[in-house]
1. Taking a cut-off of 13 Å between Cα atoms, list the aspartates and glutamates near Lys265, but don't count ones fewer than 8 places away on the same chain.
2. Expressed as a whole percentage, what fraction of the accessible surface of the chain belongs to carbon and sulfur atoms when a 1.4 Å probe is rolled over the protein heavy atoms?
3. Tell me which aspartates and glutamates have Cα within less than 13 Å of Lys160's Cα, excluding those fewer than 8 residues away on the same chain?
4. Cα axis of helix 66-79 to longest principal axis of the chain: angle in degrees, 0 to 90, nearest 10?
5. Per the Kirkwood treatment, what hydrodynamic radius in Å, one decimal, follows for region 174-289 from the mean inverse distance over all distinct Cα pairs?
6. Can you give the Rg to Rh ratio for the chain, taking only C-alpha atoms and Rh from Kirkwood?
7. Work out the charge dipole of region 27-128 with +1 on the Cβ of Lys and Arg and -1 on the Cβ of Asp and Glu about the Cα centre, then indicate which of Ile34, Trp64, His47 is farthest towards its positive end.
8. Just to verify a number: what accessible area does Tyr233 come out at with the full protein assembly present, 1.4 Å probe, Å² rounded to tens?
Amino acid sequence: MKIWLDGKLVEESEAKLSVFDHGILYGDGVFEGIRFYNRRIFRLEEHIERLFDSAKAIVLNLPWTKEEVCQYTIDTVRANGLDDGYIRLVITRGSGGLGLSPYLCEKPSMFIIASTIKLYPQEHYDNGLTLITCATRRPAPAALMPQVKSLNYLNNVMAKVEAIQAGALEGVMLNEQGNVAECTGDNIFLIKDGKLITPLVSDGALDGITRRVILELADQLEVPVVERTMNRYDIFTADECFLTGTAAEVIPVKSLDRREIGDGKPGEVTQRFISAFRELAESTGASID
Ligand code: PMP
């Protein structure tokens, strides 16, 4: 596997960062997960925009332009000879002293991995995922801005541990007020009385690229959209539920906290979103050829 690291495509065994990198010492950095289908990178510019916004929000000055980062991403996919897969693009604060100050870090490091990912076994796409409500909360926006896709994922990791220990593969994370924010690595959507409902970004959801795609598709499919504060009651009483994320794509949910959602099977509206998403993902995107 060839990894893009600070200007060069190198062998995986050569792709090394300093132990003094603040990405490792403090989780100080930003990242993106991006998919490609049929040799086309899905929503590449949008991901790079979000990456640059995340960097800006944490005062991480980047020495590359957006166009360059798009090109390096394309180069990495091409160098690995993959038609379909998943890209992990990470920018760290770079190597600095043992102190917290980012101002002592010389320059950011960037690496790009083009590989494959299968987040959940196929049976969960066919039959629906089981969710639990995690005790670990999303940090308050004043603590960690939810729009920033930073390397600071420990709260999500702890929430994921809870889900797995409870025999589920994903978990719902609530915000400080006890309202639903999102899942540990996915955004959440409900269908109720023919409407699509999803929590507000200001309630602690990541402004997911797949979330944006679903909101666009809702317009095309003529499904009314309601972005609003949501709590567990809304999930328990929903007709359908599904999650979205670059790695997970669009996946139906069958239960929360061992209570069936709707009739406990992937719903009809969910299936329409899954098909529309597939069609779009497989036919659009930045070509690597
Ligand atoms: N929420 C969290 C916490 C995530 O890590 C992700 C994955 N990036 C998402 C939502 C989904 O976002 P996207 O559709 O941009 O992958």
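The values are calculated or read from the model by the stated rules, or taken from the named source; none is laboratory data. Just so it is clear, the structure is predicted and the values come from calculations on it, not from any experiment. All Cβ positions, even for glycine, are placed from backbone atoms using ideal geometry, and neighbour counts span all protein chains on display. Keep in mind that these areas ignore ligands, DNA and RNA; they rest on the heavy atoms of the full protein, side chains included. Shrake-Rupley method; radii C 1.70, N 1.55, O 1.52, S 1.80 Å.
1. Answer for Lys265, where 13 Å is the Cα cut-off: Glu123, Asp126, Asp239, Glu240, listed by chain and number.
2. Details: 6860 of 13270 Å².
Roughly 52 percent of what the probe reaches on the chain is carbon or sulfur.
3. Glu170, Glu182, Asp186
4. Tilt of helix 66-79: around 90 degrees.
5. Details: mean 1/r = 0.0696 Å⁻¹.
Value: 14.4 Å, from the Cα pair sum.
6. My calculation puts Rg/Rh at 0.97.
7. Selected residue: Trp64.
8. 150
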